Amino acid sequence: MPAPRKRVGKPMPAASTAAEKLMALCFDMEEALNEAFDATHATHLIGHGLREFANESEARAVACTAWLACQKVEALQQIWRDLFKAAAQATRPL
């Protein structure tokens, strides 16, 4: 039976190196993403609070726009969680 072939030259970098870089980027993104999430929710609450002081339609416009922004940021957070989980699984030793 022939011997298995060996790779000649530099060894290939481990796939975990790319996953570790990806995890570092995820950690860098976490704070900004959480701040965006908090800001959109605060704007949504402000829209509801405006009903006491401003026109109903203006308050509704602010609240609805902020609600859409909240949904988008929540979708980004879910994508971020999935990306982080995939990177964490890729760095685990076999």
Please specify each residue of the range 49-94 satisfying the condition of being more than 26 Å from the chain's Cα centre (by Cα) and open to solvent by 80 Å² or more (accessible area, probe 1.4 Å).
R51, E52, F53, N55, E56, E58, R60, L94
So in the range 13-37, with the set limited to residues that are open to solvent by 100 Å² or more (accessible area, probe 1.4 Å) and of a type outside the set (A, V, I, L, M, F, W, C), which one is farthest from the chain's Cα centre (by Cα)?
P13
Could you pull out the residue among A69, A59, A42, A88 that is touching a Lys or Arg at 6+ places or on another chain (Cβ under 6 Å) and assigned to a helix (DSSP H, G or I)?
A59
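The values are calculated or read from the model by the stated rules, or taken from the named source; none is laboratory data. Being a predicted model, the structure only gives us computed values, none of them experimental. So basically every Cβ, Gly included, is an ideal-geometry build from the backbone, and we count neighbours across all protein chains shown. With ligands, DNA and RNA removed, areas are computed over all heavy atoms of the protein, side chains included. Shrake-Rupley method; radii C 1.70, N 1.55, O 1.52, S 1.80 Å.
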